[in-house]
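One structure is given here, and the rest of the page talks about it.
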Amino acid sequence: MADAVQKDDVLQGTLDMLVLKTLSLEPMHGWGITERLQQWSRDVFQLNQGSLYPALYRLEGQGFVRSEWKTTEHNRRARYYALTAAGRKRLAEEQRTWQRASDAVNLILAVVAP
Amino acid sequence: MSAFTRVRAALSRLVGLTRRSEDERAMREEMRFHVDQLTERHVRAGLSHAEARRRARIEFGGMAGHEEAARDALRSRLVENVVRDVRYGWRSLRRHPGFAATAVLTIALGIAATVTVFTIVDSIFLRPLPVPHAERLVAISFRRPNGRAERVGSLGATLLRAHASAFDAVVAHDSREVLLVSARGSATERFGAFVSPDYFEVLGVRPVLGRFFLPSEDSVPDRDAVAVLGYDLWRTQFGADPRAVGEHMQVRGRDVIVVGVAPPGFIGISIGGAPNDLWLPTMMLGVMGRTCLGRPACRDADVLARLAPGASIALARHQVQTLTAELGALAFDHDTTAPVVVAPLRGMATDQRSDYAGLAPLLAGIALLLIVIACANVGGLLVTRGLSRAPEVALRYSLGADSGRVIRQLMTENLLIGVAGGVLGVLVSIGGVRALMGFFAHDSEGFPHFFYLSLDGRVLLFAFAASLATVALFGVLPAVTTSRVALAQHAAQSRIAGQGRGRLALMGAQVALSLTLLVGATLMARSFLSLMHRQRFDAAHVALIRLRPEQVHFDPARAQRFLRAVVARLEGMPDVTGVAFGRGVGFLWDEGPTTMPLGRTSDDTALLAYTRFVSPGFMATLRIPLLEGREFSDDDNERTPLVTIVSEGTARTLWPDESALDRTVVLGGKAFRVVGVAADFAVHPITSPAPPMVLVPFWQNAFQPEVDARLAVRVRGDPAAALAGFRRAINAIDPAVPVTELLPLSDQVKANFTAVHLGAVVLLVAAGVALSLTGLGLYGVISYIVERRTREIGVRIAIGATPFTIVVLMLRQGLAATLVGGTAGLAIAALSARLLAAYLVGIEPGDRFAFIAAALGVTAVALVACGFPARRAARIDPMTALRVD
């Protein structure tokens, strides 16, 4: 990769949470989710973009998001994904879990420092 | 069930294919959109288009890999989707319990009717015996030009065994004999069979005790008196004692030795006859009084054969054909041209079918009508429901749901209804089959008939296919029209009006069919009532009993002493109000035991009179009207002059202008003085005018001393409940005398008219169901119209319409549909009533009363069904109505 900033793959298992978080603002299409994620993470996360779709279908199957076809402002048909009530709940849970885990990791790192 | 698996596979392939291609298309489009956007961004950043596209592809990652992963995700969703659809459908149905219940019940009724009729037709006509290799068993018989079957006989069986290589076994059997069995001090009457030794092997049964017959035991007439017990006989008569084998017992007074016991549940092969409970070799038919065994023209047994492995029925037919002349020579004394028929052994024995043959198409026709009505009704319901859901569906479209998804959702809901209706229908049909087969349970002498009755897989599969097809057909329709509604919503209003008209047309068709059924039902009911009433005797509260001292070799004097004792004992019982007795095979039913020449003088005996030998009090007990003179008394006995009672018809024929009393008639060469004139009472068949009939006193023994007798006992309560007590009372006098054929007289009367009775009951039930469905349907459609037009009605009331004009306005359409449908129904009924002609006694197929009554009945139902919603319309409050959006 030619870019100056080193890019990491999205952390294993956090993709679903990040997608839900992104959609918690407003319904958007897959491309929009990618853009938003890169923007928020200041381009640290290099999403393997195609892998977003299986994740979206899975989330829709689990009832956390729902989708509908709409027209974009540039007059193209795109599938927009939106958070369902169940998705909102799920996001809150995942955030809590994530928070606890990362707090714990930070604590450990602080202790072991020389 | 390979058929079932195949259907299921096809279905899932169908669903899977359509879904997958749709999802696939969406997925590709979505991914293409993504790559396009990415490309655009790179172009904006200054890359050439080709380079931008290349970069976009790289960043997106391996398309094929993503697609595969996406497909996996979609596939696992499929199952979840179905679960969600089912849950959603269930919730949606629970929000509309009235609709759901009506739809499910309607389908259940249609399915119940079909399954019931198919099961009965299957059991009576189509089902093979429940034995191994049943498909290889054939029945072989002569067919007379008049269609009657004639037995081939044991000699024919022997010939076939030797010369027809298409068969690997040929069995001779006579499966319909009533046998009095005395064993270990008590007597019982059972149906038995006389069979050749290979009978058991061919039917695949093994003895639970002892052995079956040896070939040598069926070779010489009347030599080997051996018997195989039925399991039930062994249990009840021998207490399931293993020492029964080797024991002696009496069969119709003949001493026989028990050699074995048949397995439980094995009851022979006479489907539609009585279950067998005892077997003897065919060479023991002398027990039944056969003296021709081993000689030509005896026709002592039916013949069935098993096709050899690999042999076709065509080959068997060909071989039997070439033996026709020899078989004929063995079966008839003279040259006969009767062809031999080889038929698969299925359902009831062919010679018994004729009694029921007409019923199968009648029942099937009724079931078909009910199904059509049920389908029309469900269709109407679903169409209305589809329309009332238009806003919901339109909302889902505008939220972006694709049409496939919506249709699938609606279909899931309909399938739920279909499955529930199917399950309920099958449950109802189990009861229906039992109820209908109750009509076939006994013959007119109280002997049981048996059928192998159970719902089989094919019938169930058919039922479910039918119920699913119904909902699929009418379920797709609203889904599709609703889709269109969503696309062109402004057009919806006119379409809804159109569909209201469509439903009215459906209702008209239903009215027509229900009216047809109702006319048929009224005709049959009147026919049955006329059969029951034209008997001119009162069958209620009468029990029949048959005494058979002849079977235990009583002489006439002893038999008559016994009979007098029995009558005295019965007359002394608390609830007995009269005892009559007489002689004869059917007592009241057969053409009469004896036909004798009758006339005014010994030279003039032009008439043949049915002669009945009856006791004093015979007419009083059976309530046969005595038109003139007196009944017999105890004083009419062997020491007093011969007397007779003649029937009304006889009296009118012999003495057209004067009273018959005290005249002399010559009957069978003897002179009798007429002491009474009786009303013509029924003889079978009732359809013909009453033949000449005379009654003579039982005790006068004018022709031959009587031994056996049949009793008719009038009781205060339920005759069926009194039977056991009568049997005990008679056994107490002499336990050795067989007491048989105990049954209520009314059962005997009904059993003689099973076809008419069954037809009347089925038609009445069917007409009731059809009328209720039509009423429900009319109610639904008018309610729907009222609801749709609430605003308009409000306006009309506001500008001064009276409630009456509103009611008329609302009734008009429903009644118009009823009128048109009713007229069509009368025409259909007039045409189809002729199909019932065979069952109509005492009335014409064009019976005006039936048509008028049925028309009035349908009109009344229509008025009530339309009246309720119409009244609701008249009470609409204009203020509220105008606020409806």
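We did not get these values from a lab; they are worked out from the coordinates using the rules stated. The structure displayed is predicted, hence computed values, not measured ones. Glycine gets a Cβ as well: all are built from the backbone with ideal geometry, and neighbour counts include every protein chain shown.
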>> Just to confirm a number: summing +1 for Lys and Arg and -1 for Asp and Glu over residues other than B:P744 whose beta-carbon lies under 13 angstrom from that of B:P744, what do you get?
In response: -3
> Using the count of nearby Cβ atoms within 10 Å as a rough guide to exposure, how do B:M532, B:M63 rank from fewest to most?
Replying inline: B:M63, B:M532
> Which Cα, out of B:P97, B:G432, B:L468, lies furthest along the positive dipole direction of the protein assembly as shown (beta carbon charges, K/R +1, D/E -1)?
Replying inline: B:P97
> In whole Hz, what ³J(HN,Hα) sequence does the range B:53-67 give by Karplus (6.51, -1.76, 1.60; θ = phi - 60°), x for Gly and Pro?
Replying inline: 5, 4, 4, 4, 5, 5, 5, 5, x, x, 4, 4, x, 5, 4
>> For the range A:13-43 and the range B:126-182, what is the centre-to-centre distance using only Cα atoms, to the nearest Å?
In response: 83
>> Checking the a/c ratio against 1.5 first, then a/b against b/c, what shape does the Cα gyration tensor give for the range B:183-274?
In response: rounded
> Using modelled amide H (1.01 Å from N, peptide plane; none on Pro or chain starts), what sits under 5 Å from the amide H of B:L209, excluding residues fewer than 5 places away?
Replying inline: B:V261
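Assuming R0 = 25 Å, can you tell me the calculated FRET efficiency for the pair B:D575 and B:T188, based on Cβ-Cβ distance, to the nearest 0.05?
Taking R0 as 25 Å, the efficiency between B:D575 and B:T188 is 0.40.
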> So between B:V86 and B:D634, what do we pick up on full extension, going 0.36 nm a residue minus the alpha carbon distance?
Replying inline: 189.3 nm
> Where nothing but the Cβ of Lys and Arg (+1) and of Asp and Glu (-1) is charged, how large is the charge dipole of the range B:143-292 around its Cα centre, in debye to the nearest 20?
Replying inline: 340
>> For Cα pairs less than 8 Å apart in space and 6+ apart in sequence, what is the mean separation divided by the residue count of chain B, i.e. the relative contact order in percent?
In response: 14
> What list of ³J(HN,Hα) values in whole Hz, one per residue of the range B:672-681 in order, does the Karplus curve 6.51 cos²θ - 1.76 cosθ + 1.60 (θ = phi - 60°) give from phi, with Gly and Pro shown as x?
Replying inline: 10, 9, 6, 10, x, 10, 9, 4, 5, 10
> For the range B:771-815 and the range B:711-735, what is the separation of their C-alpha centers, rounded to whole Å?
Replying inline: 62
> Just counting partner chain Cβ atoms within 10 Å, what average do the residues of peptide B:67-74 show around their Cβ?
Replying inline: 5
> What average count of beta carbons from other chains do you get within 10 Å of the Cβ of residues in B:28-35?
Replying inline: 6
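Any chance you could run the full-extension gain for B:E201 through B:R223? It's 0.36 nm times the residue separation minus the Cα-Cα distance, nm to one decimal. Could the numbers behind the result be given before it?
Details: separation 22, 0.36 × 22 = 7.92 nm, distance 2.25 nm.
Using 0.36 nm per residue and subtracting the Cα-Cα distance, I get 5.7 nm.
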> Relative contact order, percent, of the range A:64-114 when contacts are C-alpha pairs under 8 Å separated by at least 6 residues?
Replying inline: 28
> Say R0 is 51 Å: what FRET efficiency, to the nearest 0.05, do B:V372 and A:A86 get from their beta-carbon distance?
Replying inline: 0.65
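Tally Lys/Arg at +1 and Asp/Glu at -1 over every other residue whose Cβ is under 14 Å from the Cβ of B:R834; what's the total? It would help to have the intermediate numbers written out before the result.
Numbers: positive: none; negative: B:E844, B:D847.
In short, -2.
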>> Give me a comma-separated list of calculated 3J(HN,Hα) values for the range B:828-842, in order, Karplus coefficients 6.51, -1.76, 1.60 applied at θ = phi - 60°, integers in Hz, x for any Gly or Pro.
In response: 4, 4, 4, 6, 8, 4, 5, 5, 8, 3, 4, 9, 9, 10, x
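Please report the antiparallel percentage of the DSSP beta bridges confined to the protein assembly as shown, to the nearest 5.
Close to 80 percent.
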> Hey, got a sec? Which trypsin sites (Lys or Arg not before Pro) in the range A:22-114 land in a DSSP loop and have at most 16 other Cβ atoms within 10 Å?
Replying inline: A:R42, A:R76
>> Quick check: the distance between the Cα centres of the range B:227-301 and the range B:519-544, to the nearest angstrom?
In response: 39
> Is the shape of chain B best called rounded, prolate or oblate, per the rule: a/c under 1.5 gives rounded, else a/b larger than b/c gives prolate, else oblate, with a ≥ b ≥ c the square roots of the Cα gyration tensor eigenvalues?
Replying inline: oblate
> What FRET efficiency, computed as 1/(1 + (r/R0)^6) with R0 = 45 Å and r the Cβ-Cβ distance, is obtained for A:K70 and A:Q99, rounded to the nearest 0.05?
Replying inline: 0.85
>> Using a 4.7 Å cut-off between beta carbons, which cysteines in chain B end up with no partner cysteine at all?
In response: B:C375, B:C866
> Shielding of A:65-74 by partners, i.e. mean partner chain Cβ atoms within 10 Å per residue?
Replying inline: 3
>> For Cα pairs less than 8 Å apart in space and 6+ apart in sequence, what is the mean separation divided by the residue count of the range B:767-873, i.e. the relative contact order in percent?
In response: 54
